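K.L.:
Handing you a structure now.
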2 protein chains.
Amino acid sequence: MRQSTIGAGRAGAALAALALSACTTTVVEAPAAPPPPAPAPASAETAMVPTVPMGQQWLYGSAEGAIAVRQTYGGLTAYALAKAKARPADSVIIDEATGKPFACGNKPLAAVFDADETLIWNIGPMRWFALTGKEFDAKTWDQWEKTGTGKAVAMPGAVEAMQALRAAGITPIANTNRSSANAAGSEQTLAAAGLGTFKHGDTLFLMGDDATGSSKDQRRATIAARWCVIAMAGDQLGDFRNGFNKPELPPLQRRALAMAAPYDKLWGQGWFLFANPVYGPSIRGGYDDIFPPETHWQPNQGAE
Amino acid sequence: MRQSTIGAGRAGAALAALALSACTTTVVEAPAAPPPPAPAPASAETAMVPTVPMGQQWLYGSAEGAIAVRQTYGGLTAYALAKAKARPADSVIIDEATGKPFACGNKPLAAVFDADETLIWNIGPMRWFALTGKEFDAKTWDQWEKTGTGKAVAMPGAVEAMQALRAAGITPIANTNRSSANAAGSEQTLAAAGLGTFKHGDTLFLMGDDATGSSKDQRRATIAARWCVIAMAGDQLGDFRNGFNKPELPPLQRRALAMAAPYDKLWGQGWFLFANPVYGPSIRGGYDDIFPPETHWQPNQGAE
């Protein structure tokens, strides 16, 4: 699915131009402003500081990204508080053994959150990777889990949401693929971000807690055995059901699966997806994967 | 604010690697999968097809992007239908002359939508620009406005939202910076996408309708004189108030302004922002613009 690395030369300049085209004042909608200068021609001698990736510009830097996050927290909080008043029979966690929701019974109310780019923005390492032109590096990330306390930022609306949920008797629980080897660092990171106490094994679940690795399904079952989970939040489909991330699923089929019954009723009504165009299994696909033939269009000669 | 074009060579490879790093199976949250192959070394001779920009992968190709859109449409529709039952005194359009909302009085109910990447996805030209390595090109876009009918796709949830609003007596109105010279093409484009009738001068407002160019403020005032606007939707701040897009505002100040009182109460409660990390004034900013010193972090030596 993934394209090979682009080389230097024209394709590199093209990608740079595209990054800048994403930066142009407007497609059709911005205030009148002078057009941006034409990009400098590509040259092997003019390597400069990399631009901030467009996903990071949008999510970490823009009003729009922050507003989108805050809107999602507002929707989640309103939904959860309403459900707390009219206790549901069903959890929003699906029992993968049966395909049906776990029953709530009389279990105490909870809401389950992914951590990275759901509760907190990991601006520290994401900036570092972009600035230094690195792929994701596991050793760097491991250091971040251990030492990022105080640098990981609570996402817009997250602190208020945690407060509102707790005040309504709903316990926030974090289910994250941060490593169980770094439990203390992650507990401290969440607390230092102002999000309150998440205690490993109680209200914080980590990769390594069971034998199923990066799948969160079994941890969700563990949580559902004890809690009536009325809302779940994440930035990628694995935060809801691991089966959505089957590696062989092309993007558009993955999308069709996740948006079909019985999941269609859950999005925004129990399952809350936070926009994250910075990283993850959503950032995938070549032209043929994303743009089927019926979407193809090109201008007539002379307009290029 | 914007970085210069990156050159070829290492920076080009770095940006490519970063684009691919966004494509790696996981930062911390995906199912266990083999690590991706190391990127090929950059070379002026190995120019290949550009990769799909990460913003397009997320918005146009991923489950997550589509879900985020559908969630926003769900929130907008629920809010608008509730307001229709308890008619508000105030519009959600601010009178820029006074800073206060326009009064609703007894005007008929309406909801105002931007069009591009709010009602429809302009996959045709956006794919073309990316594939051909072009910056946004006005002549190409003009052709698209004229001929894109049938190719512009209604965004997830948009058709259902238009139906629900109309059934509740709320008139959808499009306020877009598509050109008034191409009114027929844009009317047909929206109708062919299944979004119903938007009639220029009645329920469709375009750039060129008045003398204020790409600012939508005066068109909003024109709409508010006739309609009680109970909800507004867009993908960038100019879809709500032109003043948010003052060109000299650095990204973080722009964000602080838009999220401060009196606007803070509106986001998700009358004003609905659709995630669009593909283009627009949100895709802006260099490292120093987006990452103030307190966010800086780096791994200790040996972990790089």
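K.L.:
Would you mind giving the mean number of other chain beta-carbons within 10 Å of the Cβ of each residue in A:263-274, as a whole number?
P.N.:
4
K.L.:
Across peptide B:239-245, how many C-beta atoms of other chains are within 10 Å of each residue C-beta, on average?
P.N.:
Details: counts 2, 1, 0, 2, 1, 3, 7.
Counting Cβ atoms of other protein chains within 10 Å of each residue's Cβ and averaging gives 2.
K.L.:
Another one. How would you rank A:90-101, B:223-234, highest first, on the average number of other Cβ atoms within 10 Å across their residues?
P.N.:
B:223-234, A:90-101
K.L.:
What nm distances, shortest first, do you get from the label point of residue B:261 to those in the other copies when the point sits 7 angstrom along Cα to Cβ?
P.N.:
4.8
K.L.:
Here's another thing I want to ask about it. Only four residue types carry charge here, +1 at the Cβ of Lys and Arg and -1 at the Cβ of Asp and Glu. Report the dipole size of segment A:215-285 about the Cα centre in Debye, rounded to the nearest 20.
P.N.:
Its charge dipole is roughly 140 debye.
K.L.:
Just the number, please: Stokes-Einstein D of segment B:184-304 in µm²/s, Kirkwood Rh from C-alpha pairs, 20 °C, 1.002 mPa s.
P.N.:
Using the Kirkwood radius from Cα pairs, D works out to 124 µm²/s.
K.L.:
Please give every one of the lysines within straight-line cross-link reach of residue B:85, meaning a C-alpha to C-alpha distance under 19 Å, and leave out same-chain neighbours fewer than 8 residues apart.
P.N.:
B:107
K.L.:
Out of B:173, B:153, B:184, whose Cα points farthest toward the positive end of the dipole of segment B:48-196 (charges: +1 Lys, Arg; -1 Asp, Glu; placed on Cβ)?
P.N.:
It is B:173, whose Cα lies furthest towards the positive end.
K.L.:
Starting from the Cα gyration tensor of segment A:54-276, take the square roots of the eigenvalues, sort them a ≥ b ≥ c, and report rounded, prolate or oblate (rounded when a/c is under 1.5, otherwise prolate if a/b is larger than b/c, else oblate).
P.N.:
Judged from the Cα gyration tensor, segment A:54-276 comes out rounded (a/c under 1.5).
K.L.:
Another question about this same structure. Can you compute 3J(HN,Hα) from phi for each residue in segment B:144-152, using the Karplus curve 6.51 cos²θ - 1.76 cosθ + 1.60 with θ = phi - 60°, rounded to whole Hz and x for Gly and Pro?
P.N.:
4, 4, 7, 10, x, 3, x, 9, 6
K.L.:
When each copy gets a label point 7 Å from Cα toward the beta-carbon at residue A:250, what are the spacings between them in nm, shortest first?
P.N.:
4.5
K.L.:
Now for a different question. May I ask you to report, in nm to one decimal and beginning with the shortest, the distances from residue A:212 to the same position in the other copies, taking label points 7 Å along Cα-to-Cβ?
P.N.:
Label point to label point, same position, other copies: 5.5 nm.
K.L.:
Still on this structure: If you take each beta carbon of peptide A:179-187 and count the beta carbons of other chains within 10 angstrom, what is the mean?
P.N.:
0
Here, each number is a calculation from the coordinates, and none is a lab measurement. What you see is a predicted model, and the numbers here were worked out from it, not measured in a lab. Because the Cβ atoms are built from the backbone with ideal geometry, glycine has one as well, and the counts that use them run over all protein chains shown.
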